[in-house]
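Novice: Have a look at the structure that comes next, please.
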Amino acid sequence: MRHPRHPLRRAAATLVPAAIVLALVTGCSGGAPHAAPGGEPIAAASPVVLPAPRSAPAPAAVLAQPAREGEVRVEQGPFTDRVRLDQLTLTDRQTVTGHVAITADVSDTLALELAVAYYDASGRLVGTGAFRYQEEGEDAHGTEHHDGPRAAGDGIDFTVSPGKLTGTPAGAVLTVPVLVSE
């Protein structure tokens, strides 16, 4: 006596090759765009969204250890080992001045930013300021180039004034959030 084949196996054996052929034919064709059941075109997949570049962290609202009167601290960061900061002074309790020299590179400095957070005697943030610097390479504007002092080598003097202050600064914390060289 002969056993009949199972009906589901027979259907699967017929449908699987047909589905593969259909997928190959429709997937390889360059026909019209696919449409949703209502006749509207199906939206293309969204582009991949990459995270935004990290910016410098915001200064602390309160220092764990308040700065001494007139103190300018340097906060260690990814670029502090590539610069030398000298003569840091908080003048008139309003402006930070000093001298910065890039020690790790001898090429043109494309971008340098020094950020200063100003704190009152109790260690509360009362304002911020920034110093931005960039050198032009010899081919930046034809034959023009930067003839003044350069951050690489001997270095440059800088002054950072705060924007709006909400109190009287007693000390400051300086960071180097940006340093880009050729």
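Novice: Suppose R0 equals 25 Å. What FRET efficiency, 1/(1 + (r/R0)^6) with r the Cβ-Cβ distance, do VAL62 and THR97 give to the nearest 0.05?
Specialist: Once the sixth-power term is evaluated, E becomes 0.50.
Novice: Counting only protein chains, not ligands or nucleic acids, how are THR166, THR159, THR91, THR109 ordered by accessible area (probe 1.4 Å), most first?
Specialist: THR166, THR159, THR91, THR109
Novice: Can you give the FRET efficiency for ARG84 and THR166, using 1/(1 + (r/R0)^6), R0 = 22 Å, r = Cβ-Cβ distance, to the nearest 0.05?
Specialist: The formula returns an efficiency of 0.10 here.
The values are calculated or read from the model by the stated rules, or taken from the named source; none is laboratory data. Remember, it's a predicted structure, so these values are computed and weren't measured experimentally. In this analysis, Cβ positions are derived from the backbone assuming ideal geometry, glycine residues included, and neighbour counts consider all displayed protein chains. Just the protein is used for accessible areas: all its heavy atoms, side chains included, with ligands, DNA and RNA removed. Shrake-Rupley method; radii C 1.70, N 1.55, O 1.52, S 1.80 Å.
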